[in-house]
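These notes concern the structure reproduced below.
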Amino acid sequence: MKIDSYRNQNWLESLLSYVWGAHFSDIARSNQIKIIFGKKAKRRLGSIGLDSNDPSISIIRINPIFQDMEVPQFVVVATIVHEMTHYAHGFNSPLQQKQQHPHRGGVIKQEFAERGLEYMYLEQQTWLKENWPRILDKYFAPTTHRSSTRSVKVILPWWMPRL
Ligand SMILES: [Zn+2]
């Protein structure tokens with residue numbers, strides 16, 4: 001994988017600090033939160049979970065393909081906003097859980113909109129639709145990728161991050 005040294009652990013942490021300060025300053029930091037690169041994946045852009053060694057710690061995992069400089073920074077920021085939305089809604093965080101299901105009912109898009117970030121949500125979707133398959137071809141065997149997209153019918157957009 002082509003890795004740009006600028007997009008390292010410090011970069012991830014500074015993006016999380018930025019997102020929290022700029023867009024989630026109303027949300028209490030109620031526990032320790034780590035942000036790390038997870039496993040490369042086609043569909044999962046990010047996730048939030050609890051540290052298996054210490055469940056008091058929340059961990060946001062970001063797709064390491066985002067180290068590719070062809071991926072604009074706003075796409076990474078939007079992914080962090082998505083995971084922070086789960087945190088704010090009480091999924092894998094100590095905060096009170098706001099709804100039963102982390103995605104159902106358009107709650108993610110609604111949270112973006114309430115925070116004045118609907119444009120970011122929409123621009124991320126547009127960028128992914130136009131560019132993500134081509135980026136994936138650099139990191140996964142194209143035959144696998146093509147055959148799976150041809151044969152599998154997905155109802156949700158296939159690039160949508162899963163919890
Ligand atoms: Zn999610």
In order through the stretch 26-43: 3J(HN,Hα) via Karplus (6.51 cos²θ - 1.76 cosθ + 1.60), integer Hz, x for Gly, Pro | 7, 9, 5, 7, 8, 7, 6, 10, 9, 10, 9, 7, x, 8, 5, 8, 7, 9
Amide H to amide H under 5 Å from PHE91: which residues, 5+ apart in sequence or cross-chain, H placed 1.01 Å off N in plane?
-> none
Which aspartates and glutamates does LYS138 reach when only Cα atoms under 19 Å apart count, and residues fewer than 8 places away in its own chain are ignored?
-> ASP4, ASP68, GLU70, GLU130
Hey, got the dipole for the stretch 33-149? About the Cα centre, +1 on K and R Cβ, -1 on D and E Cβ, debye to the nearest 20?
-> 420 debye
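Using r as the Cβ-Cβ distance of ALA28 and TYR119, and R0 as 30 Å, what FRET efficiency do you calculate, to the nearest 0.05?
Here the calculated transfer efficiency is 0.70.
Of the peptides 32-40, 74-82, how do they stack up when ordered by the mean number of other Cβ atoms within 10 Å, highest first?
On the way: 32-40: 15.0, 74-82: 21.6.
Highest to lowest by the protection proxy: 74-82, 32-40.
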For the pair MET69 and ASP137, how long in nm is the line joining their label points, each one 7 Å along Cα→Cβ?
-> 2.2 nm
With a 1.4 Å probe and every protein chain left in place, work out the accessible area per residue of the stretch 9-136 in Å², rounded to a whole number.
-> 47 Å²
Among ALA88, GLY105, PHE74, which residue has its Cα positioned farthest towards the positive end of the charge dipole of the stretch 52-146, with +1 placed on the Cβ of Lys and Arg, -1 on the Cβ of Asp and Glu, and the dipole taken about the Cα centre?
-> GLY105
Label point at LEU50 placed 7 Å out along Cα→Cβ; residues across the stretch 56-87 whose backbone nitrogen lies under 14 Å | 56-59
Long-range HN-HN contacts of LEU45 with modeled amide H, under 5 Å | ARG162
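The values are calculated or read from the model by the stated rules, or taken from the named source; none is laboratory data. Just so you know, these numbers come straight off a predicted model, no measurement behind them. Glycine also receives a Cβ, built like all others from the backbone with ideal geometry; neighbour counts cover every protein chain displayed. Surface accessibility is based on the protein's heavy atoms, side chains included, excluding ligands, DNA and RNA. Shrake-Rupley method; radii C 1.70, N 1.55, O 1.52, S 1.80 Å.
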